[in-house]
């Protein structure tokens, strides 16, 4: 299995790693069972994503797709961010090995989960945004696993 | 940058003396051992010598040594061949949850053909309890297949005892000894085994060649039908250079075993202690003492194995992991799950397997670069973030 140079670059030098205090929205997706967890923090002012940070537990592709997804939405409007699909993330990384495509799906889902959280907190509706496919077991797993 | 190979359980480099022994059989002695002219007779002789040598090193009779294309074929042949030969007697097979896929997937295939398979659990160190084997035996049990030593966590099984039980109950006993042969002393008689699989490339021999030891008197059906090679039990022109190389490699491995075992055990324990003392939230997987001299397997909490391997690779260190991402599936290692690790910890494992050429300097380099790599991945892990917040609350 080979990663593209861009994937390796974003894995070795991930952009936007970290947390945002009092974020406008946070989204966590994935679960420890499949070996990938992504958490994306958004700082939204007006309609614009001013800042974005992420934390990821996962393989090289998981880190790289998180990094690229955050790069793609930084400074964009919410409407523009809604257009960032897993395909866009993959293309920006010059592709992913077939077994790693799910990582890019996770990145898209993490982003949308953070936007959903923002929309919920502010009582607004974002066109085309669906609630995250959240399953409470995942959160249960996460907290339990850190006893 | 230095390059350090710490993945000897995956494969090994060939010993120069092994290459040297093989070369003539690629060029001047190319004849087919089944032919009757002079250059072929030479090959027949080389084949016989290799068989004698291997038999002697394993405590077997030369007529009990059958050459195959490697560990996978040996395992497939042993299990399917016995299942086929004893199907009148029964259809139940006993194996363990931590076998290599060459055994597990073969058993699963047989299940699809109507056989019944019991997958015995292992304890936290990865050992099968011989009493569990005894309890699992039924009237229709025809085969017990338990590996000699595990490829991921290095745990050595109580083979003699399981073999004794199998012998008393009159059930055929196979062991996949691919990771054990050439690394720890093995005598097929003492081990009470009826069939034993081994592979050349795990002890500085060539790839694509292996052995199935079949004890005299054991009925087995062929896996590969064809010519009368291997006493009519395995068709196909013999891989003479490979067989000569395997015999030479095993001879060298056994000659140097005592010295290498001491050296590698010291280095192994040095690395184990070094990792434990330098990094928090780690766990050594496998048995503390009933363990292959070259195996180190750690779980690092909060991080994932493939990321760890990629960063080690950047530092010139080549190792392995039981994470899903390195297996090409979504599930992490079945071995780590079987010893009771939760999924996310099974994803965060690192396997280091030593060879006799590894040095203390290389171990020191690993111990120097590993802690910052683990910390770097933890710093970007949401699991570590949750853990730290919980610590702050307490």
For this session: Could you tell me what % of all Cα pairs in chain B have separations over 34 Å?
Result: 33 percent
Exercise. In peptide A:48-58, what is the residue-averaged number of other protein chain Cβ atoms found within 10 Å of each Cβ?
Worked result: 4
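Other chains' Cβ within 10 Å of A:29-37 residues: what's the mean?
6
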For this session: At 7 Å along the Cα-to-beta-carbon direction for both residue B:207 and residue B:56, put a label point, then send me their distance in nm to one decimal.
Result: 3.1 nm
Exercise. What is the packing order of peptides A:10-20, B:286-296, taking the mean over residues of other C-beta atoms within 10 Å and listing the highest first?
Worked result: B:286-296, A:10-20
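Quick one: order A:66, B:34, B:307 by neighbouring beta-carbon count within 10 Å, fewest to most.
B:34, B:307, A:66
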Exercise. With the contact rule set at Cα under 8 Å and sequence spacing of 6 or more, what percent relative contact order holds for chain B?
Worked result: 21 percent
Problem set entry | Cα-based helix-to-principal-axis angle, B:382-393 vs chain B, degrees rounded to 10 | 40 degrees
Seminar exercise, completed: Placing each pseudo-label 7 Å from Cα in the direction of the beta carbon, residue B:278 and residue A:21 end up separated by a distance in nanometres of 3.4 nm
Exercise. Compactness ratio of the protein assembly as shown: Cα Rg over 2.2 N^0.38 Å, N = residue count?
Worked result: 1.12
Problem set entry | Likely footprinting exposure, B:343, B:8, fewest C-beta neighbours within 10 Å first | B:343, B:8
Exercise. What percent do you get for the relative contact order of the range B:94-143 when only Cα pairs under 8 Å and 6+ apart count?
Worked result: 43 percent
Exercise. Using a Gaussian network for chain B with springs between C-alpha atoms less than 10 Å apart, which of these wobbles most: B:218, B:186, B:162?
Worked result: B:218
For this session: Using only Cα atoms, tell me the angle between helix B:101-112 and the longest principal axis of chain B; keep it within 0 to 90° and round to the nearest 10.
Result: 70 degrees
Exercise. Which whole-number percent is the relative contact order of the range A:5-121 (Cα, under 8 Å, 6+ apart)?
Worked result: 32 percent
Seminar exercise, completed: Out of A:55, A:133, A:74, a Gaussian network model of chain A with alpha-carbon springs under 10 Å gives the largest mean-square fluctuation to A:133
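Hey, got the average number of other protein chain Cβ atoms within 10 angstrom for residues in B:301-311?
Shielding by partners across B:301-311 averages 5.
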Exercise. Per residue of chain B, what 222 nm ellipticity follows from adding -39500 (n - 2.57) for every DSSP H run with n ≥ 4, rounded to the nearest 500?
Worked result: -13000 deg cm²/dmol
For this session: Measure nothing but the geometry: give the 0 to 90° angle between the long axis through the Cα atoms of B:360-379 and the longest principal axis through the Cα atoms of chain B, rounded to 10°.
Result: 50 degrees
Seminar exercise, completed: Residue-normalised 222 nm signal for chain A, counting each DSSP H run of n ≥ 4 as -39,500 (n - 2.57), nearest 500 deg cm²/dmol, is -13000 deg cm²/dmol
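Just so you know, all these numbers are worked out from the coordinates, no wet-lab data involved. Just so it is clear, the structure is predicted and the values come from calculations on it, not from any experiment. Note: ideal-geometry Cβ built from the backbone for every residue, glycine included; neighbour counts use all protein chains shown.
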